[in-house]
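Asker: Below is a structure I'd like to ask you about.
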Amino acid sequence: MSRSQNASRISFAFLVWMVVFAVLAASGGVTYSVLKNRQVAVRTETEKLRRDTALCKLNANQYRAKANSLSNNWEIRDRLAQEHSDLRDIDRRQIEIARALHNGTERLTAYLFPAHR
């Protein structure tokens with residue numbers, strides 16, 4: 001008997017199924033790597049957005065603190081005194097309540113010059 005007669009023969013259908021399986025396995029691997037790459041890209045973008053958001057919150061807090069320090073009455077007085085400004089506080093005796101406005105609120109007026117009474 002010859003060797004070729006004893007060798008098991010691979011049928012054509014089995015060979016086709018092996019090729020189809022190899023193509024499916026290869027395409028599955030490529031698909032997995034593409035999806036994993038997208039997942040990493042989205043994770044990277046999400047982390048970047050989180051960092052940017054945290055930086056914006058920090059900047060907002062810093063601007064708010066700066067605005068609070070610029071609008072603090074005592075700091076304004078100190079700055080005016082350091083700059084030798086002519087601006088001074090209004091004496092509370094110079095403030096009087098004017099007539100009520102039409103919406104029920106009151107209007108405050110201040111006389112910057114001493115009133116002649």
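The values are calculated or read from the model by the stated rules, or taken from the named source; none is laboratory data. Every value quoted in this text rests on a predicted model; they were computed, and no experiment measured them. Note that we place each Cβ from the backbone using ideal geometry, even for glycine, and neighbour counts take in every protein chain shown. Side chains included, ligands, DNA and RNA excluded: accessible areas come from the protein's heavy atoms. Shrake-Rupley method; radii C 1.70, N 1.55, O 1.52, S 1.80 Å.
Asker: How many of the residues in region 60-91 are part of a helix (DSSP H, G or I) and charged (D, E, K, R)?
Answerer: The number of residues fulfilling the criteria is 6.
Asker: Between residues in region 75-92 that are closer than 22 Å to residue 65 by Cα and residues that are in a helix (DSSP H, G or I) and open to solvent by less than 100 Å² (accessible area, probe 1.4 Å), which pairs lie under 6 Å by C-beta distance while being six or more apart or on different chains?
Answerer: From residues that are closer than 22 Å to residue 65 by Cα, the pairs are 75/69.
Asker: Just checking, which of 77, 93, 88 is over 35 Å from the mean Cα position of the chain (by Cα), among the charged types (D, E, K, R) and exposed (fewer than 10 other Cβ atoms within 10 Å of the Cβ)?
Answerer: Numbers: 77 fails: exposed (fewer than 10 other Cβ atoms within 10 Å of the Cβ); 88 fails: exposed (fewer than 10 other Cβ atoms within 10 Å of the Cβ).
Only one candidate passes the filter, namely 93.
Asker: Just name the residue that is modelled with the lowest pLDDT out of those in region 51-74 that are hydrophobic (A, V, I, L, M, F, W, C) and either surrounded by 10 or more Cβ atoms within 10 Å (Cβ to Cβ) or touching a helix residue (DSSP H, G or I) at 6+ places or on another chain (Cβ under 9 Å) (or both). First the steps, then the outcome.
Answerer: First pass over region 51-74, keeping only residues hydrophobic (A, V, I, L, M, F, W, C): 54-56, 58, 60, 65, 67, 70, 74.
With either surrounded by 10 or more Cβ atoms within 10 Å (Cβ to Cβ) or touching a helix residue (DSSP H, G or I) at 6+ places or on another chain (Cβ under 9 Å) (or both) added as a condition, the list becomes 54-56, 58, 60, 65, 67, 70.
Details: 54: 96, 55: 96, 56: 96, 58: 95, 60: 94, 65: 90, 67: 88, 70: 81.
Ranking the candidates gives 70 first.
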